[in-house]
1. May I ask you to list the residues in region 202-222 that are among the aliphatic types (A, V, I, L, M) and over 14 Å from the mean Cα position of the chain (by Cα)?
2. List the pairs whose first member sits in region 250-273 and is surrounded by 24 or more Cβ atoms within 10 Å (Cβ to Cβ), whose second member is of a type in the set (D, E, K, R) and not in a helix (DSSP H, G or I), and whose Cβ atoms are under 6 Å apart, counting only residues at least 6 apart or on separate chains?
3. Given (1) in contact (Cβ under 8 Å) with a residue 24 or more places away in the chain; (2) buried (at least 24 other Cβ atoms within 10 Å of the Cβ), where does ALA122 come up short, assuming only one miss?
4. Taking the condition within 30 Å of PRO247 (Cβ to Cβ), of a type in the set (Ser, Thr, Tyr) and not in a helix (DSSP H, G or I), does THR143 pass?
5. Out of all the residues in region 150-162, is one or more touching a strand residue (DSSP E or B) at 6+ places or on another chain (Cβ under 8 Å) and buried (at least 17 other Cβ atoms within 10 Å of the Cβ)?
6. Looking at (1) closer than 15 Å to VAL130 by Cβ; (2) free of Cβ contacts under 8 Å to residues at least 40 places away in the same chain; (3) assigned to a helix (DSSP H, G or I); (4) not acidic (Asp, Glu), which is the only condition LYS277 fails?
7. Would you tally the residues in region 280-313 being in contact with a helix residue (DSSP H, G or I) (Cβ under 6 Å, 6 or more places away or on another chain), among the hydrophobic types (A, V, I, L, M, F, W, C) and either surrounded by fewer than 21 Cβ atoms within 10 Å (Cβ to Cβ) or without any contact (Cβ under 8 Å) to a residue 60 or more places away in the chain (or both)?
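The values are calculated or read from the model by the stated rules, or taken from the named source; none is laboratory data. It should be emphasised that the depicted structure is a prediction, and the values quoted were computed from it without experimental measurement. As a convention, Cβ positions derive from the backbone with ideal geometry for all residues, glycine included, and neighbour counts pool all protein chains shown.
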Amino acid sequence: MLIAAAILCGFLLDALLGDPAWLPHPVVLMGKAISALEKRLRSWFPKTPDGEKKAGRVLAVTLPLGTLLISGGLCVGLMLLHPVLGFLLQTFWCWQALAMKGLAVESGNVYRALTTASLPEARKAVARIVGRDTATLTEQGVTRAAVETVAENASDGVVAPLFYMLIGGAPLALTYKAINTMDSMVGYKNERYLHFGRAAAKLDDAANFLPARLAALLWILTCPLADGDQKQAFHMWRRDRRQHASPNSAQTESACAGALGVRLAGPACYFGKPVEKPYIGDARREIEPADIRRANRMMVVTSLAALGIGLLLRVGLAVLFMYAMG
């Protein structure tokens, strides 16, 4: 019950406070650890494709395992000192593992720039939350990038961390964040990371496989609460959920595209190079800045559904276990 309470409190803290800039965040520490490990591992292994793959495998094992052992050890240690201390640490890290408020705020900044400022300002705002090149994006391109990020990160930033903390508390959620951070830093198919980042990318695909599909189904289930088209969301998910190089990214993007009645994805530029990507969804109408707000509302109701259903399952199983042992 303690972990369930910590998850609920962490979720509420994220919804109210988001990620204050003044508060040290474990993802920042993970990023520094990844950079330091990459530098060291590249010096230890041969500068060949096979050597880089081996170095990348060491990174893909070391960071998540180290995160689990350190965070788990601290949680157990404080719990042994006093249950309240253990609860507070679990709550704090559950809060930091979630990104619902931060995602809504950052994408909201893009919406405000599009509607009250200028296109260059909107490009700057969206560049904070996407990996593609943004300097030449049109208004529709900026809007599309923001909506895609909201949809994809409904899984990566909320549902997946919730999924893992419901199983193993804050330590397992932080371990997931370590995997996700690794992928965002080294999981690129470019010259530098094609071999070194392969293990991290595969591990991230595996870690997100089930949460991404749960997130998509929850998006479809709840989108009518945010004025989404449930029938089209389900249709586009079934049709386009594999229209991405990642086995997971198009899961929620396709549901979102259908719910909104717009077309997402398509060709984009990364690091100055054009990349051909298939479209997701049908353009039943032109995408507009207001779709960022609509996608955010769907993301919030999806997150609330994930929290509510997850807590009910965890508490229900705990009660059944206590009764069986009783």
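1. Answer for region 202-222, where residues must be among the aliphatic types (A, V, I, L, M) and over 14 Å from the mean Cα position of the chain (by Cα): LEU203, LEU217, LEU218, ILE220, LEU221.
2. That search, which allows pairs on different chains as well, returns ALA250/ARG241; GLN251/ARG241; SER254/ARG241; ALA259/ASP229.
3. (1)
4. Here the answer is no, as THR143 does not meet what is asked.
5. yes
6. (3)
7. Of the residues in region 280-313, 4 are in contact with a helix residue (DSSP H, G or I) (Cβ under 6 Å, 6 or more places away or on another chain), among the hydrophobic types (A, V, I, L, M, F, W, C) and either surrounded by fewer than 21 Cβ atoms within 10 Å (Cβ to Cβ) or without any contact (Cβ under 8 Å) to a residue 60 or more places away in the chain (or both).
Residue by residue, here is whether (1) charged (D, E, K, R); (2) farther than 26 Å from GLY102 by Cα; (3) part of a loop (DSSP other than H, G, I, E, B); (4) at pLDDT below 95 holds:
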site: THR222; (1), (2), (3), (4): no, no, no, no
site: SER254; (1), (2), (3), (4): no, no, no, no
site: ALA283; (1), (2), (3), (4): no, yes, yes, yes
site: GLU288; (1), (2), (3), (4): yes, no, yes, no
